[in-house]
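Just below is one structure, and these are the notes that go with it.
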Amino acid sequence: MNDERHTIVRVINVKKDFPLGRQTVRVLKGVDLEIMAGEYISIMGPSGSGKSTLFNMIGGLDKPTDGKVFIDEVDISQLDAYELAWLRNRKIGYIFQTFNLIPVMTALENVTLPMTFAGMHGDDAQDKGIELLKLVGLGERFQHKPLELSGGQQQRVAIARSLANDPAIILADEPTGNLDLSTGAEIIELLKMLSAERGVTVISATHDYKMLNVSDRVVWIRDGMIDRIENRDELDISVGGITEVEGAPA
Amino acid sequence: MSKKVFDASGGSGQGIQRAISLPWGKSVEISFRSLRVRLFRSMITVSSLVLAVSFLSFVLVNLDVAAGILKAGGKAAGKILLAAGYDVDLETGRVAMSAKERWIVILSLLVCTVGIVNAQLMSVTERFSEIGVMKCLGALDSMVLRLFLLEAAMQGLLGAGGGAALGCIFSLLAGLIRFGGKAFNALPWLDALGSVGLATLAGLTLSLLGVLYPAILAMRMRPINALRAEH
């Protein structure tokens, strides 16, 4: 997959204003970013930095006030509701901090739901769902409801669900935020494995420093702008003194 | 043009169609399960419908019973009915709802509708993140709307059907106690059945009407709120 690296996400001079009472607050002040297919990117930054906003733009969940976001060279602000739904269904897999599985459904049904939306037949979807759950290490527990699973297991189901329609991009919003250290590390490991083996682009917004070790690049956001972008080789030097990095959580 | 671009690299899997879809069978299954999980709440919604519709059905079937007796018994029966408090027009031989009765029926249906709107609004608010996730997974607005309408239709059928049957039974019992066997012998069964059907239909309509606003609210919700709800 490395021979034809193409840009999967292109963010061009994106600005975003939010109304706050009578004022408007400019949360993003012109962000340019290019993400290549198959990359593992972490977006880091303190809360309130515009990290989540940028993340939502990339995911097609929010539209920029100014500027453009291209996913696979398609300007997503040009898409209608139907095309956006299609984009979310096939191109992007979402992973949330709070797992957000549908509590009414079993693990397997949660995983097969996006496939149902995609028009896949029931039996095919079941097979693929079980295969995906095995991939994330939950082969035997597919008949359990989310509430019968631990946090880490729920997040694994969510990861399996995000892979349902073989998306090009996985968007992970603080995927380890609600997990303890070791479970979080396992989830990061799993994401890294998926990115390496399946060539999925993983983009995660996080303030978990464990993410740094596996990221190909880290985008640091401060005050609505990109502070700096570091490649992994540059990062390794600073891993030892990670607490000295600017913007460390208080 | 954008469709073309996506088509080129998407749809690699087998048996995947271009369209975003949710088959009816699956929709019914999801709605049914959502109801079952919140059984207690949905039963409260249903019970308000049962009460209102059974009252409507009770009143309607009562009229049928009275009309039957009037037809069979002539003027003498008319006097008995008048004494029993029915609004009888002796000239035309018709029995009508009294104005007061009509108002009470309308009021009870109104109160019931407001109750349904309230309960469904709660159910939508409770499921905001669930709806948002569904949309993140590619659900269309129309699918969300459909799920809520289906839920309401199931609640409506159950509540209105049960209520109408209940009201009919009570009305027949009341007729039996008041007028004896005459109530049964003279009853125009077809009309009574029509009344039960009408009451059921009215209940179903109310249930769907009550869910309309909450469902549209759910439909219009932007998926970003799923992420934001927790932060």
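The values are calculated or read from the model by the stated rules, or taken from the named source; none is laboratory data. Owing to the predicted nature of the structure, the values given are computational and were not obtained by experimental measurement. Please note: Cβ atoms are built from the backbone with ideal geometry, for glycine as well, and neighbour counts cover all protein chains shown. Calculation scope for accessible area: heavy atoms of the full protein, side chains included, ligands and nucleic acids excluded. Shrake-Rupley method; radii C 1.70, N 1.55, O 1.52, S 1.80 Å.
Structural size metrics of the range B:74-157, computed from C-alpha coordinates, are Rg and Dmax of 23.2, 71 Å.
Chain B gives an Rg/Rh value of 1.19, both radii derived from C-alpha positions and Rh following Kirkwood.
Hydrodynamic radius of the protein assembly as shown by the Kirkwood approach over all distinct alpha-carbon pairs: 25.7 Å. Solvent-accessible area per residue in chain A equals 41 Å², computed with a 1.4 angstrom probe and all protein chains kept. Kindly express, to the nearest 10 degrees and within the range 0 to 90, the angle between helix B:99-126's C-alpha long axis and the longest C-alpha principal axis of chain B. Helix B:99-126 sits at roughly 20 degrees to that axis. Taking a straight Cα-Cα cut-off under 18 Å and skipping sequence neighbours fewer than 8 places away in the same chain, the lysines within cross-link reach of A:K134 are A:K145, A:K192.
Its Cα gyration tensor gives the range A:13-54 an equivalent ellipsoid, and the semi-axes of that ellipsoid, as √(5λ) in whole Å with the largest first, are 25, 12, 6. Taking 25 Å as the straight-line reach from the Cα of B:K71, the lysines in range (excluding those fewer than 8 positions away in the same chain) are B:K79, B:K100, B:K182. Spin-label model, A:N13 to A:D75: label points 7 Å out along the Cα-to-beta-carbon direction sit 1.3 nm apart.
Counted over all Cα-Cα pairs of the range A:158-213, pairs farther apart than 12 Å make up 65 percent. Model label sites at B:F184 and B:V117, defined 7 Å from Cα along the beta-carbon direction, differ in position by 4.4 nm. Per residue, chain B exposes 51 Å² of accessible surface when a 1.4 Å probe is rolled over the protein heavy atoms with every protein chain present. 3J(HN,Hα) along the range B:135-142, derived from phi through the Karplus expression 6.51 cos²θ - 1.76 cosθ + 1.60 where θ = phi - 60°, amounts to 5, 4, 7, x, 5, 7, 3, 5 Hz, with x in place of Gly and Pro.
The alpha-carbon atoms of chain A define a convex hull whose volume equals 142 cubic angstrom per residue. Note on A:K16: lysines with a C-alpha under 30 Å away, same-chain residues under 8 apart excluded, are A:K29, A:K51, A:K63, A:K68, A:K91, A:K210, B:K3, B:K4, B:K135. For the range B:106-141, heavy-atom accessible area (probe 1.4 Å) falls by no less than 40 Å² from the chain alone to the full protein assembly at B:E130, B:V133, B:M134, B:C136, B:L137, B:L140. As a fraction of the 1.4 Å probe accessible area of the protein assembly as shown, surface on carbon and sulfur atoms comes out at 59 percent.
The simple Förster model, with R0 at 25 Å and r as the Cβ-Cβ distance, assigns B:L217 and A:S47 a FRET efficiency of 0.30. Surface burial for B against A, with a 1.4 Å probe and both sides summed, reaches about 3800 Å² of accessible area.
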